[in-house]
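In what follows, a single structure is set out as C-alpha cells and then discussed.
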Amino acid sequence: MKYRTEGRVVVPGVLRADVAFRLERALQEWPDWALVTRVGGQHRDFDAREMARMDPARQGGFEELVGTEARKGFQYLYERWPLYDPEYDVALEVPDLEAVRQMLGGGDFIGLARDVTGHDGIAFADGQLTRYRRGHFLTNHDDEVEGKHRIAAYVLGMTREWKPDYGGQLQFLGQDGASVVDVFVPAFNTLSIFSVPQPHLVSAVASFVQASRLSITGWLRQAA
C-alpha cells in the first residue's frame, strides 16, 4: 500500500454518497468560523464575520502583520472550528457534524485508520472544521508536537469542482525543504492520510477564487 511505502495516501469515496453530500452542506452552512493566524509569534483567533467587515485600511494593516510573520517562518491564515479533542469535546446541534464528532472518538473510522497506516495503537482522532478562502495558506511544518502522540494527520476533503490552479494544494516537501515531491489537490469525499512528522504545506488560495476549500482535518493519535 502507498502509505506503507511513501507515508501518505488518498482514499477516494470514503463516505457513502448521501452522507458526504449532507456533510458538505453542513460545512457550507456552518456560521461560526474563527479566522486563525499568528501575530508576534502567538496563535490568535478572530471572529471571521467581524474580520470580513473590517474597513480596507485596517484590513491592509492586518495583512501586513500576517505577511511579516510568514516572512519570519511558520505562519497560517485560514478559518476553523474545533470539532473534537479530549480537551475540547462539546456536542454540536447539527446532526451531520455531531455524527462526525462521535466518529472521531472511535469506531469504524479508527478501524480504517489502523488498517491504512498499520498502526494498531491509534486510539482516537481529534478534528476541526476548516475553510480556506482566497489568500489563505499554511506554510511549511511537520505536525510533530511533543505530548500530542500524533501518528498521522488526515484531511477529509469536502471540496467539489476545485481546480489545480486555484491553489490550496497539500504539498509534500523533500528532506531539503525546497523541493515538492508530491501534491494532493483538494477533492470531494476523499480521505488523505500522511505520517507524522512529514514536511508539508497548503499553498495559498489564488486571489481570483470565489469558492471555499472545505475539509475536516486533524490527527490520528495514540492514547497519552
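Could you give the dipole magnitude of the range 40-137 about its Cα centre, charging the beta-carbon of Lys and Arg +1 and that of Asp and Glu -1, in debye to the nearest 20?
580 debye
Give the relative contact order (percent, whole number) for the range 1-148; include only Cα pairs under 8 Å separated by 6+ residues.
Details: 157 pairs, mean separation 36.2, N = 148.
It rounds to 24 percent for the range 1-148.
In terms of the ratio Rg/(2.2 N^0.38 Å) built on C-alpha atoms, what value belongs to the range 38-142?
Normalised by 2.2 N^0.38 Å, the Cα Rg of the range 38-142 equals 1.35.
Based on the Kirkwood radius over alpha-carbon pairs, what is the Stokes-Einstein translational diffusion coefficient of the chain at 10 °C with 1.306 mPa s viscosity, in µm²/s?
On the way: Rh = 18.1 Å.
Roughly 88 µm²/s, to the nearest whole number.
Give me the angle, in degrees from 0 to 90, between the Cα long axis of helix 108-117 and the longest principal axis of the Cα atoms of the chain, rounded to the nearest 10.
Its long axis makes an angle of about 90 degrees.
Using DSSP to define loop residues, name the chymotrypsin sites (Phe, Trp or Tyr not before Pro) in the range 1-101 whose beta-carbon has at most 15 other beta-carbon atoms within 10 Å.
For chymotrypsin sites (Phe, Trp or Tyr not before Pro) across the range 1-101 that sit outside H, G, I, E and B with at most 15 neighbouring Cβ atoms in 10 Å, the list reads Phe74.
Using a 10 Å cut-off around each Cβ, can you sort Val14, Val205, Val145 from fewest to most neighbouring Cβ atoms? Kindly include the intermediate steps, with their values, before the conclusion.
Working: Val14 17, Val205 24, Val145 12.
Final ranking by Cβ density, sparse to dense: Val145, Val14, Val205.
If we count other beta carbons within 10 Å of each Cβ, what is the order of Met158, Met1, Met103, Met54, fewest first?
Met1, Met54, Met103, Met158
Taken together, the values in this text are just the output of simple stated rules run on the coordinates, not laboratory data. Treat the numbers as computed from the prediction; the structure is a model and nothing was measured. Neighbour counts are summed over all protein chains in view; Cβ atoms, including those assigned to glycine, are modelled from backbone coordinates with ideal geometry.
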